[in-house]
Amino acid sequence: MTTPEFQLAFLNKIQRLFAEGDFSASYKYALLIAIADIAVESGRDDDQPLVIPHRSLGAKFVDLYWQQSAPFKNDALLIQNNGTQAAVISHIAHFRGQSNATTANAARSATDFKSLLTRVTRIVVDKPVFHIQNLGGTRDQFLFESGADSITLLPGVAYCLRRFQPLVQQLARSHWIDHIKRNKQNASLLGQDTDLESFLFETSRQSLAIVQTGLRKISNRCFYCGRSVSEVDVDHFIPHSLYPRDLVHNFVLADPGCNRSKSDTLAAKQHLSKWLDFAQTNADNLAQIGHEAGIVADERSMHSVARWGYGNAVASGAQGWIRSAQYEPIEGDYLELWR
Ligand SMILES: [Zn+2]
């Protein structure tokens, strides 16, 4: 296990990276988010090195930048580089124009996707992978070593990224938003628009509506209290604040009361057990809903994310939400549900 001193030093480095790193494009934020996501989705919980193929990073970049490569307003794209547009955005925007794919999910089965992935991967390797460990003008290799076709996260790094995932995500996102706002080329586009964060990072309302319709077909009841309701919200089973990447298996329907009350907490064991059954029983339906809504359906990653979330909760002594104002401690027996 990594020592508290190691973890503190890691957080200090991350802080320095944002303060002193050279960010002419938004790529380094994307790279941090990508490796933090991969660390969680790997399903591991040790402090060993983690090998990440370059193409896996490229694929994450396509996912992250896909929705940002759509016009923000009046056919114009947000500029994500000082100077000319960030090449990843240009490549994806071009690909979107040529293919009929409207979602990153659909794009993966398009004929030219492989060459898009190759182009994006090359940029990721040449730019952020090469530069991210330059802090204050000197090289400080604290995240990974570079190989011919992969990077290897150093011992303890994947562990820390998992441990501090919400913090790393939040830092990277808020700096990313600032980066776009500070770029004078975007001034006229942005105006007083305050919805930049949802444009950049959140699943569109349109996709959520498709998820809602799909889930209603499976069951029209609140997932948590079982009441049949006319008005339902789409709830993130693993809270969005904990893990902001949307995977279709993470959506359940909840009546507004349960949704509000559960808020950013993890659900109690009875709900977790039901959710695991639900994901298994409805695997085909969920894959179909993901396909229609353009949201990734990756059951294995979802399990890794959920185990990670509950594992952290056990370690930190968090409470699980049962129903309005009722909680129970999340204990080790929760994790046995996966055995
Ligand atoms: Zn309910």
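The values are calculated or read from the model by the stated rules, or taken from the named source; none is laboratory data. Being a predicted model, the structure only gives us computed values, none of them experimental. No Cβ is skipped: glycine too gets one built from the backbone with ideal geometry, and neighbour counts run over all protein chains shown.
With respect to the conditions (1) away from the ligand (no atom under 13 Å from the Cβ); (2) in contact (Cβ under 8 Å) with a residue 60 or more places away in the chain; (3) part of a loop (DSSP other than H, G, I, E, B), N285 falls short on a single one, namely (3).
Against the condition within 16 Å of the ligand (Cβ to nearest atom) and touching a Phe, Trp or Tyr at 6+ places or on another chain (Cβ under 6 Å), how does A325 come out, does it pass? Here the answer is no, as A325 does not meet what is asked.
Filter region 260-275 down to residues that are in contact (Cβ under 8 Å) with a residue 60 or more places away in the chain, in a helix (DSSP H, G or I) and not hydroxyl-bearing (S, T, Y), then give me how many there are.
2
Looking at region 250-257, is at least one residue touching a helix residue (DSSP H, G or I) at 6+ places or on another chain (Cβ under 7 Å), away from the ligand (no atom under 16 Å from the Cβ) and modelled with pLDDT of 95 or more? Looking through region 250-257, at least one residue is touching a helix residue (DSSP H, G or I) at 6+ places or on another chain (Cβ under 7 Å), away from the ligand (no atom under 16 Å from the Cβ) and modelled with pLDDT of 95 or more. Checked against the criteria, V314 does not count as in a helix (DSSP H, G or I), in contact with a helix residue (DSSP H, G or I) (Cβ under 8 Å, 6 or more places away or on another chain) and closer than 28 Å to S207 by Cβ. L208 meets all of the listed conditions (1) under 26 Å from S324 (Cα atoms); (2) in contact with a Leu (Cβ under 6 Å, 6 or more places away or on another chain); (3) assigned to a helix (DSSP H, G or I) but one, namely (2). Each residue in region 214-234 was checked for being closer than 13 Å to A254 by Cα and either more than 16 Å from the ligand (Cβ to nearest atom) or not in a loop (DSSP other than H, G, I, E, B) (or both), and 6 pass.
On the given criteria, is L57 at pLDDT 95 or above, buried (at least 18 other Cβ atoms within 10 Å of the Cβ) and out of contact with any Pro (no Cβ under 6 Å at 6 or more places or on another chain)? The answer is yes for L57.
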